[in-house]
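Nothing in this text is a laboratory measurement; each read-out follows from the coordinates by a stated rule. What you are looking at is a predicted structure, and each value in this text was computed from that prediction instead of being measured. We place every Cβ from the backbone using ideal geometry, glycine too, and count neighbours over all the protein chains shown.
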Amino acid sequence: MQDVGGIPGQEAGQESEDDFGADGPATSVKVGTLVVAYDAPEARPDSRALAVEMPVNVVYGTVPYAVMMLTPADLEDFAYGFSLTEGVIEAPDEIRGVSVEPGEGGLRLLVDLAPGRLREHLARKRAISGRTGCGVCGIEDLAALPIARLRSGKGPQVTLAAIQTALTALSDRQTLNRETRAVHAAGWANLDGSLLAVREDVGRHNALDKCIGALLRQGVRPDEGFLVITSRCSFEMAEKAASLGASVLVAISAPTSLAIERARCHDMTLCAIARSDTLTVFSGRERLILAGEEG
């Protein structure tokens, strides 16, 4: 974590190319603050860790595609996951390599596509100037809203005990959020609820893309577990899960109406408002094994 408190001319979260270490830029910065109580006559000096938010220009070949605002960690995972959920690739072997380099005011994420895939991508390229993980910026027509391919097969059944285990474990694995209280997480749980991968980001879409990218790179099959996210479930989150081929998605916050519509379209089990003792099932009840139904 970089301490920027009290440095003249540098704001919280602002970094120069010289701040890049061997492992890349910092994911959090420490800043000086003043805490003011409503009934106190004086402010109290304090400090707080803030999550770094940085523009990352995703470039395929030599052609810029998107500027995404995200936490500069697990960028290779993000490249794979984002490329899949954007429809740029259909399989991980269509990416030949990923590299990161400093850019003006941020980073450049260079994705080397296989020649045939690059030609197809350039034929359908759309420009995105995204906020924190915006999933549909740059689309000019409603018909162009992304729709993942329909999954084959029914997908696995998941016990409520496994979901409860995953939710508890996810909280323990959110190291950056524990430090900053400002980032989302997405995790992939095995069918017993143990977490295989967890990724964090200031953007909920980015966290999910990073998690999906990690699964692609590890060759994890989508019928071997389920996704857990700490955010609300909008339609983009449901579509990204469907792009992976996941059949069960669990969200801590509520879903939107279109997310439920897309989950049903993809025959996906969508659970939300997930707490330590209850969750709400919005679609796909048949994949859940409730207490007493095991065996």
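Sort the range 75-118 into rounded, prolate or oblate with this rule: let a ≥ b ≥ c be the square roots of the eigenvalues of the Cα gyration tensor; rounded if a/c is under 1.5, and if a/c is not under 1.5, prolate when a/b is larger than b/c, oblate otherwise.
prolate
Which of the trypsin sites (Lys or Arg not before Pro) found in the range 168-271 are loop residues per DSSP with 15 or fewer other Cβ atoms within 10 Å of their Cβ? Write out the running numbers ahead of the final one.
Numbers: sites: ARG173, ARG178, ARG181, ARG199, ARG204, LYS210, ARG217, ARG232, LYS240, ARG262, ARG264; in loops: ARG181, ARG232.
Here the sparse-neighbourhood loop sites are ARG181.
List the GluC sites (Glu not before Pro) within the range 61-131 that DSSP assigns to loop and that have no more than 12 neighbouring Cβ atoms inside 10 Å.
Here the sparse-neighbourhood loop sites are GLU104.
Roughly how many Å is it from the Cα centre of the range 213-256 to that of the range 59-85, as a whole number?
18
On alpha-carbon atoms, Rg over Rh for the range 180-295 using Kirkwood Rh? Can you show the working numbers first?
Details: Rg = 13.2 Å, Rh = 14.1 Å.
Rounded to two decimals, Rg/Rh equals 0.94.
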